[in-house]
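First comes the structure, then the notes that go with it.
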Amino acid sequence: MHSFIKFLKFCVCEKDTSYSLYNTKQKIVIKVQLTSENCRTKALKIAAEAKGVSNVSIDVEKAVVEVIGIGVDAVSLAQSLEKKLGFASIVSVGEVKKPEAPKPVIPIEWTSSYIHCPRYAVRYDGLCRC
């Protein structure tokens, strides 16, 4: 009984931490046929209803649907888009790259060797000091 509980703990608690695109946030770009506003709304609706999708956008000029999410099945999404819209092909599937934070600007300290003297004579108590 004790070994069975150990085995259960191992199966439930130990997770495979190997790198997989399925476990990371991924960006899928699918080329579709967008001929009308109705096609655009259908594409958005189909992509938004897919499992694991967190963000959907459409580029009308390039006629592509960009889907961002975790564990999204690109093939089934492309098949469902093709079924409703007539044409869909996967352009790319990849990991979402985090935008690089701009490096902080380090100010350059400039030390001057110039001796600051007043341009006019200063008189104190009748004496002239420059």
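All of the numbers you see were taken from the coordinates with simple rules; none came from a lab. On a predicted model such as this, the values are computed, not experimentally measured, just so you know. Using ideal geometry, Cβ is built from the backbone for each residue, glycine included, and neighbour counts are taken over all protein chains shown.
Some notes on this structure:
- Candidates VAL64, VAL93 - the one that is touching a residue at least 24 places away in the same chain (Cβ under 8 Å), under 21 Å from LYS25 (Cα atoms) and in contact with a helix residue (DSSP H, G or I) (Cβ under 6 Å, 6 or more places away or on another chain): VAL93
- Residues located in segment 67-79, provided they are of a type outside the set (A, V, I, L, M, F, W, C) and either over 20 Å from ARG40 (Cβ atoms) or touching a helix residue (DSSP H, G or I) at 6+ places or on another chain (Cβ under 7 Å) (or both): GLY71, ASP73, SER76
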